[in-house]
Structures are given as C-alpha cells and as structure tokens.
Protein chains: 2
Amino acid sequence: MAKRIKDTTPKQDGYRMPGEFEKHKQCWIIWPERPDNWRFGAKPAQAAFVEVAKAISRFEPVTMVVSKSQYDNARYMLPDHIRVIEMSNDDAWMRDVGPTFLVNDQGGVRAVDWAFNAWGGLHDGLYFPWDQDDKMAQKICEIEEIDSYRTPDFVMEGGAIHVDGDGTLVVVEECLLSGGRNAHMSKDDMTEFLKEYLNVDKVIWLPRGIYNDETNGHVDNIFCFVKPGEVIIAWSDNENDPQYEISKEVYDHLCNETDAKGRKFKIHKLPVPSPPVTITAEESQGIDVIEGTLPREEGDRQAASYVNFYIANGGIVFPYFGNEKYDKIAEDMLKEIFPDREVVGVFAREVILGGGNIHCITQQQPLG
Amino acid sequence: MAKRIKDTTPKQDGYRMPGEFEKHKQCWIIWPERPDNWRFGAKPAQAAFVEVAKAISRFEPVTMVVSKSQYDNARYMLPDHIRVIEMSNDDAWMRDVGPTFLVNDQGGVRAVDWAFNAWGGLHDGLYFPWDQDDKMAQKICEIEEIDSYRTPDFVMEGGAIHVDGDGTLVVVEECLLSGGRNAHMSKDDMTEFLKEYLNVDKVIWLPRGIYNDETNGHVDNIFCFVKPGEVIIAWSDNENDPQYEISKEVYDHLCNETDAKGRKFKIHKLPVPSPPVTITAEESQGIDVIEGTLPREEGDRQAASYVNFYIANGGIVFPYFGNEKYDKIAEDMLKEIFPDREVVGVFAREVILGGGNIHCITQQQPLG
C-alpha cells in the first residue's frame, strides 16, 4: 500500500521531516555506473561505494539499488547483509533522487517525492535524460509501502535541504533561486511551499554553497545540523581561498540568526582540506566523453568538504581525501562534536570525482 | 539480509514447502509485455493480469513486478493497494521463475531458487535468453530479506511441483524426465534431490500432464491438492478427446497410491472445457514473429484447465474461458470443494493464449 496523497500537505497531516540524527530504519544508496561520470567504467567508484556501504552497515541496515545490468556485479561485490534491489537510474545520488522521508511521531512514515531534473533541467542540469532518477523516490516508497506527496511542479533535491527536526529548515539561495529549478516561484513562495511540505516554521536562507559546487551550491556540502541549535559549517582560514569569503558569509549569517524555537546557534567550523582537492592527471583519465556532461580535467578543483558526512545510528561516516593533516583535523573534530557516536572515515576521492560525497550518495529512512 | 545457503539442504535445516492452502503473506505476479507471446503489445493480457491481481488482492496483499519500460503503465493500471516493484524479466510466469518458499513452522521463511531455463533450455525451451527470469527468485528474496537455497545444476519450475505440506510431493514424469531439464539425473536421483529440497518423504510421479501443454506437462494444470489426502484432477468424459486417456491414467494412478502419511486420496474430477478452447482468428492476430518462439495460430488447441486456479487466504481465484456450461460446472464444483473459501472467477482467455493460467502467473509467499 503506497498511495499518492494529493489533497493535503505534510503540515496539514502532521508529518515532519526528522533530523538526520534521529533514529533510522535503514540507509539507501545507488550503485554507480555511468562511464561518462565515473572513470574506468565506474569500477574505482564502485569499490568506494562498497566501502561506504560497509561502513554504514556497521550501524544500520543498508539497501543498495542497482540497474539490471550491474545487478550481479553489485550483489557479488557487497557483503550478504547489504540488501540489493534492482532499480533503473540515471546516476548514483540517492540524497537527491530518493524520497525525503517524514514521520508523524506516532509510528507513521511518509515521504515527499520532489520533481527531479538533474540539478537544473535544460537550463543547467548535469545530464539528460533524468526520468529514471525522477522515478526512484516512488519506487522506493512502493517497496517500503510508504505513502508519498508528489510535487510535480516543484523541483527539489535532498541535498538542498537540512532540517533540525524541530521546526527549522536551512537552504541556500544560489541553489534554490537558480534558473533551472523553480524559476516560476519567488523566494517567498518557496519559503511557504517548503514550510508546508517539510512541516517547518522557519526557513533560513544561506547566501552561497561551497566553492565550485556542481549543484548550484547544495546546503549539505557547507552546513549541517548536529542537533537543534548546534551546527557545523565548512570553513577556510585562508583569505586567498575563494572559500574563505563564502564561509565567512555563512558564519556571519548564522551568528545573526535564531532557529524556529528562538535559539542562537552554536557553530563548529570544520576546515575544508588545504590545499584544495584537485583532479590528478591519473584521475582525469578513463571517462567517456558525452556531449553536455561536465569535463573532469587535471587540476580541476573539487568541492571537497568534510561536512558531507552521513549520520548513522550511533555512527558518523565521513569522507577523507588523503590530506593527512586535514583528514585528521576533521576526524578529531567530529569525534569531539559527536561524543556518543563512533566516527568512521572512508577514503572517498572517487566519490568526489563524480561530483559529491558520502552525504550526497546516501538517504536515511527514519524509523516510524 | 538474504543469504545464499550453500552447505545444507532444507530438509537438514527443518524447512518444508507448505501447501498452497496454508496461510500466505502475499502473492507475487509479473507484468506481461513480450510482444512475441502476448498479442497486440500485451495490452489485452495486461488488462487480464490486472483483473487477476485485483481478484487476489481481495484476499491477500499482491506485489506486481514489472520491467523498467512498463513500470509507469503498470503503476497506472493497478489500484494503489497493489505494490509495484521494478524487476527485469523475460516473460510473466511467476509460478515458474519465482522462489519456492519454505517455512520451518517456527516463524522462519526461506526459499529454493531453482535454476530456470525457459522449460527446456536449448533442447526445447520456449525462448532465449532466460537469464533475467532466472534471477528473479533471488531478487525477490533480497527484497523480502529471505535466505535461499540455490540449485545451480538442478532445473525446476514451481508449476512442476505440488505439495500437500505434509510430506507428499506430486510431479509429472513427462515433464521432469524431459530432455531439456535434468537429463544428467535419473528418476531416482531426482526423487532423492526433491525430497531434500522440499523436505518431503514421498514423491508421486504422475505419467503425463494436460494435453498439448507447452511445458512438457506441468503438474499444476492437471492436478492440485485441496488439503492433505484430498485432490482435484482435470477430467474429460469424452473418450474421443485425447485428454480422456491422460486423465484416466492420472486417476487410476492416484487410486492406487497413498500419500506420505499412508492416506488414500479423495479425488475430485474437474472437467476441462468442452469443446476444447482453441485460438480464434482474432486471437491469432497481433503477435510479433520471432525465430524460435511458438506460433499462435487459429484453431490451435489451448491447454485450458480449471485446475490452474490460485488458492488465496480465504479465497479461490479460478480462470474461466467463456464456455458457459463448463465455466459454471467449475465454479459450482470449486464452491463445493472449498466451502470455507470465497470462489471468484476471472475471464482468463488472454492468459491461456500466452501459454498458462492463473496458477502459472502467481506465486504465494507463506507467512512464517
């Protein structure tokens, strides 16, 4: 039983998006394969996704969805305890194409199934077509027998929203106001729409996302909630790095904000790796060239950020990049910020080469 | 968690195949689409499958699996309460390609995942390739998180076996001994193998299946269990019909048999439709011709049998063919034989045109 709810909104029905730090039933991930985004037939990326899935599965169940053609390979490469389900896809960003799950705090779970257009549609989207990705949220809801709210005229991705589960939503202006998503709506219209569909009372608009992000600046690469009233932002102390100004702007903005409950924010500054992660000559090889997809060239700066971690039940799974000093800073800070969770790092250069990181490739399904 | 169990057998582990009349969790069906087997792009067949699914869903949950390309159409044509899941397939015979589920009577459910080769492989199989069909049992077990026993060297289909859940298995010689399945094994070897994998004590071998069956005579078109000790067979009183001799043979065989517990059988004779169902001129149109698939020509006799019904929780869903007299006889007999179940008929000429019927397109998943 997985209905499409058409006449009401989550707010009307008493469903809210919980914070990622609330209890999960499981985590969903998509098996990567497109050879125009992942080098060498996606084999190095698949190995990295296996490591992410294994790390998360130490804390909660993981379901990997995979295309028909890669089913056997994924099943073989993953341990038995990770569930593998066939599902067509256009790429591997479950955060953005999966359902945004909701709870009603009485055991009920529902989801928002946003329209998805590959981060900008024909305006500045990253691939075409994107129809299989757009169907994934519904397919997952069918498998899990979860009713969903579909927003056919409202484009959104899970990576563009972060909530504290307590009335506050944080988004990024340059992302939500980009020309390829909901150009027919004003900022105020969007604020009202998001309040209805995520059941929040306040929407905080940060100005910009991480430097050089392909998604027009998803919030989940620059900001996240630790819990209500406590947040982490990506940071740079280097005034010559363009990230400095962006992070400073976010910091100043948050210092002058309160959340939906009137709390001031406790803000942790998690440094981005320095020097920035750039594509090596080797990493630039082995990618199919297809008209319209982004090039991956030697020296290109990657939007690498330690903020793009996943909060699992009792665990933190964060990406590291092979920069010994900054990897260590990130690990130590996360251990301090989350003293009750086990912090596990996964070497995730292959994931950032595809355009995102651990948070981007995962989607938590809360317990009802 | 869906493991492949390799070192033990169901008998060793205390798992048995339950009778179809035992309690189900749900029923699985595959959405039909191949245009070389189903006329007019499978649209009439899809409508018939919808009716079957709806009828069964009155009694128990139904999950329809469907290819990527037909997903939206199936989701649209089926009511909300029927779950729809993407799954690649080669055709629509869930009885034969789905898992054979097992229970241990302590809440545990497992499955046998038989090798499938399209009813005869390169010897006399009905299509090529069959690899997607062969993967379906595993995919369903993954979704349901059920451990399975894979038999890579033993070819079997769910339609070729009927059990009473109480130690007795009934199969058909002309089917199991056909050259395209397990020609490397003797009848005795197969008997022993099936005892291990279905956890039965006795295997009864009927000589032949229904007349003109494409599957080398699946048992489920000529015989089924009502409960332990009570069975139904397809019957003909017309000595000029080749079905007469086959049914008489089955009847005589069963009269001289006892089940695993030593019971004699109470045998109901359910008449096949007379005159036999043949393909009309109209029904022979609109089928893609592809080398190697069976022709569907006007006047061809169909293996139409009322025995090919599905036992649902509290219900019987049986096929009728538009032969008013015999349809009525079947309905009345089934009502008498199953006084505690509601008997529902579905007009199923479209299903028999594809080569099977309601039992062939369904697979029950027992409650643990």
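Condition test on A:Ala260, is it touching a residue at least 12 places away in the same chain (Cβ under 8 Å), in a helix (DSSP H, G or I) and small (Gly, Ala, Ser)? It is false that A:Ala260 is touching a residue at least 12 places away in the same chain (Cβ under 8 Å), in a helix (DSSP H, G or I) and small (Gly, Ala, Ser). Among the residues here, B:Trp205 does not qualify as within 24 Å of B:Asp300 (Cβ to Cβ) and without any contact (Cβ under 8 Å) to a residue 60 or more places away in the chain. When restricted to residues that are under 18 Å from A:Ile267 (Cα atoms) and part of a loop (DSSP other than H, G, I, E, B), segment A:288-345 contains 7. The residue that is nearest to the other protein chains (Cβ to nearest Cβ), counting only those in segment A:86-132 that are more than 23 Å from B:Glu145 (Cβ to Cβ) and among the β-branched types (Val, Ile, Thr), is A:Val97.
Any residue at all in segment A:71-79 that is in contact with a Pro (Cβ under 8 Å, 6 or more places away or on another chain) and facing chain B (nearest Cβ under 10 Å)? No: zero hits.
The set of residues in segment A:157-180 that are outside any strand (DSSP E or B) and either more than 28 Å from A:Asn37 (Cα to Cα) or within 14 Å of chain B (Cβ to nearest Cβ) (or both) comprises A:Asp164, A:Gly165, A:Asp166, A:Gly167. Looking across A:Lys139, A:Lys135, one residue alone is buried (at least 24 other Cβ atoms within 10 Å of the Cβ) and within 13 Å of chain B (Cβ to nearest Cβ). It is A:Lys139. Considering only segment A:181-190, how many residues are in a loop (DSSP other than H, G, I, E, B) and more than 20 Å from the chain's Cα centre (by Cα)? Matching residues across segment A:181-190 total 4. Checking each residue of segment B:3-26 against the condition of being touching a helix residue (DSSP H, G or I) at 6+ places or on another chain (Cβ under 7 Å) and within 13 Å of another protein chain (Cβ to nearest Cβ) gives no match. Of the residues making up segment B:27-59, those that are surrounded by 20 or more Cβ atoms within 10 Å (Cβ to Cβ) and part of a loop (DSSP other than H, G, I, E, B) are B:Trp31, B:Pro32, B:Glu33, B:Arg34, B:Asn37, B:Trp38, B:Arg39, B:Phe59. Considering only residues in segment B:346-368 that are touching a strand residue (DSSP E or B) at 6+ places or on another chain (Cβ under 8 Å) and assigned to a helix (DSSP H, G or I), the one that is surrounded by the most Cβ atoms within 10 Å (Cβ to Cβ) turns out to be B:Val351.
Annotation note: of A:Thr191, A:Thr215, the sole residue that is at pLDDT 95 or above and hydroxyl-bearing (Ser, Thr, Tyr) is A:Thr191.
The values are calculated or read from the model by the stated rules, or taken from the named source; none is laboratory data. What you see is a predicted model; the values in this text were computed from it and never measured. No Cβ is skipped: glycine too gets one built from the backbone with ideal geometry, and neighbour counts run over all protein chains shown.
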